[in-house]
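Please read the structure below before turning to the comments.
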Amino acid sequence: MADLKAKNYTLTVSRDIQKVLRIMRTLLKSNSTIIESVNTDHLFYLHDISHKNFVFYITEPNRNSETKQTIFPITYVPEDEDSLSYTTCFCSLEEIEDHFYHWLHIIKEFNSISFSEEEEFSNFYEEEIFNDFDIIDEDADINPFNNFQQIILYNFLSETSVYLENKHPNNKEIENIRSETLELRDNIQNLTKKDFSRRLSKILAKIKKFSIKTFFEISDVAKKEIYKYLLKEGVNKLPVWIDNINSFFISNI
């Protein structure tokens, strides 16, 4: 995000920028399994996680003195369902969400398309695992895990990465999975419970495609030591869970 200072703008424009940033952060948070933000010189910049050339960004606004509106230039790719080109629009505060959802719909439609049985299997596994691990808390779409829960998940993902490296050394596919695992681990605090579950499901689906035995071993730990008790037990269980997770991975290498 650009290095913004409120006093570089009029008070009215600064208020509108604040509103836009709040709106975009909320939209990002609720769609963080599909899109991610990037720090750039733009006011706000998003791209499709799986295809980084598909972007949506907002640049610094201007104030229309006649209409008394703050106008935000937005650019996104793809423009629509019949084009892979970009489009730039000059929008009022109220129009930004409509353009965002138009762009997001195109991304989601692309993500639903597969040209091979392998992709279809991957999508099937991901949905199957997500349904198995999905968090049913009322606040799962809004809030992250609490601090104690994040410690458990951080430890689990750390041990999973080490386990994969030792179980399947010098394997490029496993290295990519490990990279995703560590990225998820390092962003637990920035994800809602449901977003975390979705990303974990993607990782486990890739592990299942690679080795069903390894998948069963890792998912067994997740079910027994993570999700089964994660939302039900107290902090006093924390050392026991960490010891159990560590012991399992060490004993199965």
- The pairs in 29/202; 193/213; 52/209; 19/193; 19/202 lying past 21 Å Cα-Cα in this model are 193/213; 52/209; 19/193; 19/202
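Taking the Cα centre of the stretch 52-205 as origin, sum charge times position over the Cβ atoms of Lys and Arg (+1) and Asp and Glu (-1), and report the length of that vector in debye to the nearest 20. Walk me through the numbers before you get to the answer.
Details: 13 positive and 32 negative charges, 153 e Å.
Approximately 740 debye in magnitude.
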- Query: Just by accessible area at a 1.4 angstrom probe, what is the order of 93, 200 from largest to smallest?
  - Reply: 93, 200
- Item | Interchain or long-range residues, amide H under 5 Å from residue 69's placed H | 64
- Please report, in whole Å, how far the alpha carbons of the stretch 24-175 spread along each principal axis, starting with the longest. 65, 41, 31
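How high is the relative contact order of the stretch 60-107, in percent, counting Cα pairs under 8 Å that sit 6 or more residues apart?
Across the stretch 60-107, relative contact order equals 31 percent.
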- Task: In Å and from the alpha-carbon atoms only, list the Rg and Dmax of the stretch 20-114.
- Result: 13.4, 49
- Task: Give the accessible area for residue 168 in Å² (nearest 10); use a 1.4 Å probe, count only protein heavy atoms, and leave out ligands, DNA and RNA.
- Result: 40 Å²
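Tell me, what % of the accessible area of the stretch 1-129 is carbon and sulfur with a 1.4 angstrom probe? Don't skip to the answer; put the middle values down first.
On the way: 3880 of 7940 Å².
Accessible surface attributable to carbon and sulfur in the stretch 1-129 totals 49 percent.
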- Item | Anisotropy class of the stretch 171-226 from Cα gyration tensor, a/c 1.5 cut | oblate
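The values are calculated or read from the model by the stated rules, or taken from the named source; none is laboratory data. These numbers were taken from a predicted model, which means no experiment stands behind them. Here the Cβ is made from the backbone with ideal geometry for all residues, glycine too, and neighbour counts use every protein chain on show. The protein model used for the area step is the full one, side chains on, heavy atoms only, and it has no ligands, DNA or RNA in it. Shrake-Rupley method; radii C 1.70, N 1.55, O 1.52, S 1.80 Å.
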